[in-house]
Amino acid sequence: MNAHRPDGDPVPTAPDTPSSDPGRVVLLTTSHRVAPGLLSWPAWQALHGADRVLCADEAHPQLPYLREAGVTVERATPTAEELVDACAGDRTVVVVATAEGEPRLTDGLARLAGSGRLRMPSLELLPASYDLPGARLLDLVQVMDRIRAECPWSSQQTHKGLAKYGIEEAYELVEAIEEGDRDELREELGDVLLQVVFHARIAEDDPDTPFSIDDVAAGIITKLIHRHPHVFGDETATTPEEVKAHWLRTKAIEKRRESVTDGIPLGQPGLALAAKLSSRVRTAGLSVPIPQGHDIGYELLTLAAQAEAQGVDPEAALRAASRTYRDAIRSAEGLDER
């Protein structure tokens, strides 16, 4: 049985006789997220030691680099039976997998192996390049770039127009964390990440001061390294309190703030704002009495400051109490069993 190239010419194979060694099939996979030609040493060994190297995709990004390295690659799409025949006689055939991973071929080989009709060659899956942690972020950037260019809605969005979604997604993330739903948490983290990537893509189009997602990542990397001298420098920290002290000290130097209140967003929820102000005062060692007033706002301010001093997030505490209240309402409505 002979394999055929797309042009119809047969691909010579060795005869399948009972005495011949069934040989070896190597399915070579690569990641499109790694630069073509950057293959593992076992992959190069397999390629140079193979009797034949086959690839169904003439436009496969690895082919120019394989040929430059002296590897002869044949364009061929053998069936499972044809590939088994091609390996007979102790021959090694490397199949450079396409992006889809050759499911038709691997399914066919699995059926042959299960039938017991043929002596099967040894089958080896050899990843020639691996995705590094975070590699799928590259896919996200590419998808966002295409959406920005081709989607009528996304192409018209601005930072200001998307601002409300950032707030909504942040709240939904907090809710998923508090509910303890792992699937929901993963999804909401993705939604928050989308906001970051979307804003960074919009920023690329700015005519005056453009920046990209790489600039965003570079900025936070620099900040993290600088604010963790106990990890990346010569400082030491053995407790969370020491780590926080390092963080606040380096942050103060970076920001050159005049007041401990600088940098606190006044648009955040009231309880969170009150707790943040109280935390800054306490951390700075200042003695600033809570202002006295006669309306509910001052009472809430006092409660928020007390909660912060006790290590309690008043915003989270109120949300937890509100969820309990919500459940009580549903129970009164007769909906608690639904």
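The values are calculated or read from the model by the stated rules, or taken from the named source; none is laboratory data. Just so it is clear, the structure is predicted and the values come from calculations on it, not from any experiment. Glycine also receives a Cβ, built like all others from the backbone with ideal geometry; neighbour counts cover every protein chain displayed. With ligands, DNA and RNA removed, areas are computed over all heavy atoms of the protein, side chains included. Shrake-Rupley method; radii C 1.70, N 1.55, O 1.52, S 1.80 Å.
For His199, the stated conditions do not hold, so it cannot be described as modelled with pLDDT under 95 and surrounded by 14 or more Cβ atoms within 10 Å (Cβ to Cβ).
Scanning region 238-268 for residues that are farther than 20 Å from Arg282 by Cβ and of a type in the set (A, V, I, L, M, F, W, C) yields a single hit, Ile253.
Of the set (1) surrounded by 11 or more Cβ atoms within 10 Å (Cβ to Cβ); (2) under 36 Å from the mean Cα position of the chain (by Cα); (3) β-branched (Val, Ile, Thr), all apply to Thr324 but (1).
Of all the residues in region 33-78, those that are assigned to a helix (DSSP H, G or I), of a type in the set (A, V, I, L, M, F, W, C), over 15 Å from Thr92 (Cβ atoms) and open to solvent by 30 Å² or more (accessible area, probe 1.4 Å) number 1. Can you name every residue in region 95-108 that is open to solvent by less than 60 Å² (accessible area, probe 1.4 Å), aliphatic (A, V, I, L, M) and farther than 15 Å from Glu81 by Cα? Scanning region 95-108 gives Val96, Ala97. Which of the residues belonging to region 230-249 are farther than 28 Å from Ala170 by Cβ, among the hydrophobic types (A, V, I, L, M, F, W, C) and surrounded by 12 or more Cβ atoms within 10 Å (Cβ to Cβ)? Once the filter is applied, which keeps residues that are farther than 28 Å from Ala170 by Cβ, among the hydrophobic types (A, V, I, L, M, F, W, C) and surrounded by 12 or more Cβ atoms within 10 Å (Cβ to Cβ), region 230-249 yields only Ala237. Checking the structure you have, find out if any residue of region 250-268 is loosely packed, with under 12 Cβ neighbours inside 10 Å, under 31 Å from the mean Cα position of the chain (by Cα) and at positive phi. Scanning region 250-268 turns up at least one residue that is loosely packed, with under 12 Cβ neighbours inside 10 Å, under 31 Å from the mean Cα position of the chain (by Cα) and at positive phi. Looking at region 281-316, which of the residues that are open to solvent by less than 50 Å² (accessible area, probe 1.4 Å) and either among the aromatic types (Phe, Trp, Tyr) or under 19 Å from Glu175 (Cβ atoms) (or both) is nearest to the chain's Cα centre (by Cα)? Across region 281-316, the extreme among qualifying residues is Ala316. Only a single criterion out of (1) open to solvent by 30 Å² or more (accessible area, probe 1.4 Å); (2) in contact (Cβ under 8 Å) with a residue 12 or more places away in the chain; (3) more than 34 Å from the chain's Cα centre (by Cα) is not satisfied by Gly23, namely (1). Surrounded by fewer than 15 Cβ atoms within 10 Å (Cβ to Cβ) and touching a helix residue (DSSP H, G or I) at 6+ places or on another chain (Cβ under 6 Å) - does that describe any residue in region 212-225? Yes, there is a match, as at least one residue in region 212-225 is surrounded by fewer than 15 Cβ atoms within 10 Å (Cβ to Cβ) and touching a helix residue (DSSP H, G or I) at 6+ places or on another chain (Cβ under 6 Å).
Looking across region 109-165, the residues that are acidic (Asp, Glu), assigned to a helix (DSSP H, G or I) and open to solvent by 50 Å² or more (accessible area, probe 1.4 Å) come down to Asp145, Glu150.
Matching residues to (1) aliphatic (A, V, I, L, M); (2) over 23 Å from Ile177 (Cβ atoms); (3) touching a residue at least 60 places away in the same chain (Cβ under 8 Å):
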site: Pro240; (1), (2), (3): no, no, no
site: Val243; (1), (2), (3): yes, no, no
site: Ala252; (1), (2), (3): yes, yes, no
site: Thr261; (1), (2), (3): no, yes, no
site: Gly270; (1), (2), (3): no, no, no
site: Leu277; (1), (2), (3): yes, yes, no
site: Arg280; (1), (2), (3): no, yes, no
site: Ala309; (1), (2), (3): yes, yes, no
site: Asp327; (1), (2), (3): no, no, no
